[in-house]
Each structure stands twice: as C-alpha cells, then as structure tokens.
1. Nearest 5 percent is fine: what portion of the DSSP beta bridges confined to the chain is antiparallel?
2. If neighbour count is taken as other Cβ atoms inside 10 Å, put 292, 143 in order from fewest to most.
3. Any chance you could give the angle, 0 to 90 degrees and rounded to 10, that helix 216-226 forms with the longest Cα principal axis of the chain?
4. Over region 1-56, what lengths in whole Å, largest first, do the semi-axes of the equivalent ellipsoid take, defined as the square roots of 5 times the eigenvalues of the alpha-carbon gyration tensor?
5. If you wrap region 72-200's Cα atoms in a convex hull and average its projection over all directions, what's the area in nm²?
6. Tell me the relative contact order for region 117-267 as a rounded percent, counting alpha carbon contacts under 8 Å between residues six or more apart.
7. Need one number for region 117-267: average projected area of the convex hull over its C-alpha atoms, nm².
8. Starting from 0 in steps of 10 Å, tell me what percent of the Cα-Cα pairs of region 204-273 lands in each bin.
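Every number here is computed from the coordinates shown, using simple stated rules; none is lab data. Quantities reported herein were computed from a predicted structural model and do not represent experimental measurements. We place every Cβ from the backbone using ideal geometry, glycine too, and count neighbours over all the protein chains shown.
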Ligand SMILES: [Zn+2]
C-alpha cells in the first residue's frame, strides 16, 4: 500500500492544520543505505517544503533502524543496556540513545491512544526502589485500571527514607547528605502527578472508585485531585496477597514491572543511576503492557489491556509501537495505519 502524507509536516504551513485537496505532489524517491526499499519523496504545494515518508516515521534519521524493534523488546524483557547492545549488535551508547528516543515516542503514543478512558475503578500504589546507591531511595507510583489492568500513569522521583538512628545505613545516609545536601522527598508530588494524569483522561464529571493501601497521604491527595468525585477504598498492606485482595491487580503489576524492567531489580547492577532514566524506561513498559502484551496468560491472543478498554482495535507489534512518529498529538498517524492516511483523530476503536 503506497504512503499518502496526511498533512504538511511544517507546523507553520497552512497545509499542516488544514490540508486541502491536492496540497502536495510526488517528488521521486531516494534509496537509503540502511534499507532495501525506496522511500517516496513529496513536495508541499503551499510552502514548497520537501519531505519524505521518513519524516513521519519514528526512525527518521536513525542509524541502524532495523535494530529498533529488537532493542525495544529486549529492554521490556528485563535485559540490561549492555546485554541488549551485545544481542542486537549495537554500541551501548547507541542503545541509550535509542532508549531515550523510544521513550518519547512511547509517551506520546500512550497519550494519543488513551486521551479518554471509559472506566471507573482504578488502583494506586507505589514501588520503592533506589538510584545509584541503595541509600538514595526512589518512589515509583503506578495508577492502573482494575478490570483490564491498563496502566494509566506512572512516574518516579527521589524520596527521603532514613534508616534507624545509629545504624550503619543511617550513618551512610548522613554522610551522603553532608556531601550532597538534604535528599528531596517528592513522594507526594509524584503520586499527585499520576492522579492528575488519570483525571486528565477521564470525561468531565466522571466519578471513580480508587483502591489503595492505608497510606494516609493518598486520602488527602485523592481528595485534592478528584474532590467529591472519588470513593476511596483502602485495604491494609498486610492483608493476604492473594486474588481475593482488592489490591491483587496492582501487586501483580508491580511484580511484573520488576520482571520486565531490569533496572527495578534491587541489588543488581542494572539499577538506574538517575530516577529520570527509570521514568524513560517506564514509558517503554507502559506501551508494552497496554498495547503489546496480552492481559493475562489465559486470555486469547491479542486481548491487550488497551483493546479491552476499547482504545485500539487490536494488539500492536513492537515495530508498530515504533512505527509512526507521534509528535503531532492526535493528528499523528495511527499505529495500525499502513498507508499513513488514518490519524488518531479519525480512528474509531471498537
Ligand atoms: Zn507545507
């Protein structure tokens, strides 16, 4: 199927917002060194800018674009950066560069696909990890939907968790603070960010049920973000961690994050040196969890959380997650569109 550009990629051009009929002309092809197929070129008849099919792709200007899908799949399968580099035949710095670019595309893809959620039961919990050294603790809150196990939002940031006074760990923490200053505690800010991320995706006036453990700050934060529109159901963290526990979906999802993201494995050398790198990794995981991986092992193939929530008509492959660039919001090309004609604002998921 031959590619049809949906709009002019220049944001200042009239054919960007409102492309009229016959706004571009075909302008030959070029043959890149990294591909066997020719790439069609175009010229905008309004602004005169030249562009190609590649302008609309995630791998625009990438070196070794054929390694992208395999790199992505290794990174969401618990493999570290160096081992991924060995397996896909790249330099470790190239893997780092690809990870950062993929994280941008994944964040935008998730935003473009989940602009509106039709669901009313959600779960919230935090995973505790650390950056660089185990004394520098980090929190990673996660908000997810209860029925489909769709991960709505996650982030990560430093927290200050002091060990018992007089312990060796506490002395190390005090030495660390004398050297680097008092450690920031962004727990409330991070939880609030994820709850606001959820609220943004809900229709106006939507009422929700939020499940969490007994942490008292969750009550005030949920009230601050949702007001009276939230019914907050709290379960003690010590309750048996079985399927009858209302927090079972999020307990299992957090276990899955440790399985799929090597840098969440404690006492391993994969642990993030900086919390911000963990946030980038989680963008990859969110797309994998929601749009690529089947919800449960017992579900029929293709039943991803995103499909079950009616956000997309089928599951995605890694090369589709990293297919079209998602930088134009809902006007970006939909990941299931082969010829580029269908954008998110035209897509109607079942
Ligand atoms: Zn133009």
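1. 75
2. 292, 143
3. Tilt relative to the chain: about 40 degrees.
4. Equivalent ellipsoid of region 1-56: 22, 10, 9 Å, largest first.
5. One quarter of the hull surface, i.e. the mean projection, equals 10.4 nm².
6. The normalised contact order for region 117-267 reaches 23 percent.
7. Over every viewing direction, the Cα hull of region 117-267 projects on average to 10.0 nm².
8. The distribution over region 204-273 is 18, 33, 33, 15, 1, given as percents.
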